[in-house]
1. List the residues, sorted by chain then number, that are 5 or more residues from residue 331 or on another chain and whose placed amide H is less than 5 Å from its amide H.
2. What ranking do 35-44, 415-424, 280-289, 335-344 get when scored by the average of other Cβ atoms within 10 Å per residue, highest first?
3. Be a star and scan the stretch 481-508 for residues whose amide nitrogen sits under 17 Å from the point 7 Å along the Cα-to-Cβ vector of residue 431.
4. Which of the aspartates and glutamates could be linked to residue 216 by a straight reach, that is with a Cα gap under 18 Å, when you skip same-chain ones fewer than 8 residues away?
5. Give me the extension gain from residue 168 to residue 329: residue separation times 0.36 nm, minus the current Cα-Cα distance, reported in nm with one decimal.
6. Between residue 318 and residue 379, what is the FRET efficiency for a Förster distance of 45 Å, r being their Cβ-Cβ separation, to the nearest 0.05?
7. Assuming R0 = 22 Å, what is the FRET efficiency of residue 419 and residue 499, from their Cβ-Cβ distance, to the nearest 0.05?
8. Which value in nm describes the separation of the simple spin-label points at residue 177 and residue 271, placed 7 Å from the Cα toward the beta carbon?
Amino acid sequence: QVLAYREANGGYQELDRFVERLRAVTPEDVQRVAHTYLTAENASLLRYLQPPLSGDGAEVESRLRAALEDSGPPLASLDDVGELLQGELTNGQDEKAPRVTVARLSNGVDLIIQEAHAVPTAWMGVYFHGGRVEETSQTAGITRLTVSSALRGTARRSAEQMDRAIESLGSGFGADFDEEYFGLTIASPIECLPAAAGLLREVITEASFPAEGVEKAREVIQASIRAGRDSSTAFSFDLFRRAFFGADHPYGLPQRGQGKVVASLQQSDLARWYRRIFNPARMTVVVAGNVDPQAVQAFVEEQFGSLSPPQDAPPLELPDIHVPEGVVEQVETRSRRQSAFLLAFPTVPLGHADYYPLEVVQHILSGMAGRLFVQLRGRESLAYTVFAGDVARPRVGYFYGYLAGEHRKEKRAREGMLAEFERLRNEPVGEGEVARAKKYITGVTSIRLQTNSQRGEELARSYLSGMGTDFVRRYLEGIEAVTVEDVQRVSRSYFNLERYAIGVLRGGNGE
């Protein structure tokens, strides 16, 4: 593709000349072009006006002119752009917050409805507690294969007929997997949502597991498992989880499943697991979009209110979690030039008061301006990729650092990452670092909740995790309240260099 592009734009020889010119660039060149082109006079700013404009052409033009006249003086510098965007992201959040209604169907199933009337579409998810958290080393991957196969044919329709029915609604199925729950989702124009709900019920209650559909789903999952083994990040994460939770704990199993297990599962195995996990006693329905709550409750009751749990369904029992004491390692060595590792410290579950400062720490460490990138990649050249993450679940939490680099530098890279965590313990962070991290979190959170599906999935995650329906608001309030002292306090509390788990995908193998 690169050669074809270069040949179409001046000849493939240009590629060599491009590399030569790139190597010749100096710091003075960078500053010169920045001063020449990155100016306020050259900048363009797009403002998105809400609510959506409506009315005839003259009315729309009048409102646009009024908005432009009210947009303030010209920008004096590029700094003004950042201030303006920050204001647009944060102003009026309470007034624009979508309304949430919580109802209960006649069979006890919870229904959560979030209204957002900007566009004439809606999203729906039917979620179930359980699934992966019930798997063992003998069944690792059965939930994903069962759900994927259930979408490939029912007692009423073949896979092809189901695809046509979905496409006729201008929609498509989705699947959402977490450690302790899973869900089937669908998005559609609002007038098609009742019919979409009917298709979801059909999949949930009448899946037929045709042999061809099961094999296609198996092929996709097996390919995903192979891709995960080839991914430094994904496989390091799997090794870490095994070290942190234990090889036999559901959380310690590979997220995509075990290849041998997925290959051995039969249709009868999937049918039994289907009856177990698609249990109405574990169900929650979430709807987000341009909807009327009463109308939604009526058609959801019609589709799902009469469902009852199977008599032989076992109760959902969550296994105990024991976090590591001391340093626990899982290492796999391969013949490769790169090593990658993910090390993590036990922290706190979702909703704990210390969760919010740990989120801020994540963004102090991560990103191209973050401490890990600046020190370990920029100054010490120990990493190709490096970042941090804060993971909080309803019953457990951990804070990790990930690094991939030359295998000969693995020991120094690990020491360097631990040194950065030690630095957080011993040295107060700057006010500017904390302020930038908080602004970034606020902006990203607002941006990532723009669509019905994003809002619906976040609402489902919060509700199923026991955080209620207003967790996003409380999350942003918690972030805003974080102080420099909070950051150092949680760093000292949780970044214990004698207590962590690490998964290492080691290169070399005798090189």
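Nothing in this text is a laboratory measurement; each read-out follows from the coordinates by a stated rule. Given the structure is predicted, the values throughout are model-derived calculations rather than measurements. Neighbour counts run over all protein chains shown; Cβ positions are idealised from the backbone, glycine included.
1. The answer is 504.
2. Values: 35-44: 9.2, 415-424: 17.3, 280-289: 23.0, 335-344: 21.0.
Sorting 35-44, 415-424, 280-289, 335-344 by mean packing, highest first, produces 280-289, 335-344, 415-424, 35-44.
3. 481-488
4. Residue 216 reaches 160, 163, 269.
5. Values: separation 161, 0.36 × 161 = 57.96 nm, distance 5.13 nm.
The span from residue 168 to residue 329 would gain 52.8 nm if fully extended.
6. Numbers: r = 44 Å, r/R0 = 0.98.
For residue 318 and residue 379, the calculated efficiency is 0.55.
7. Numbers: r = 17 Å, r/R0 = 0.75.
Calculated transfer efficiency: 0.85.
8. Computed distance between label sites residue 177 and residue 271 equals 2.3 nm.
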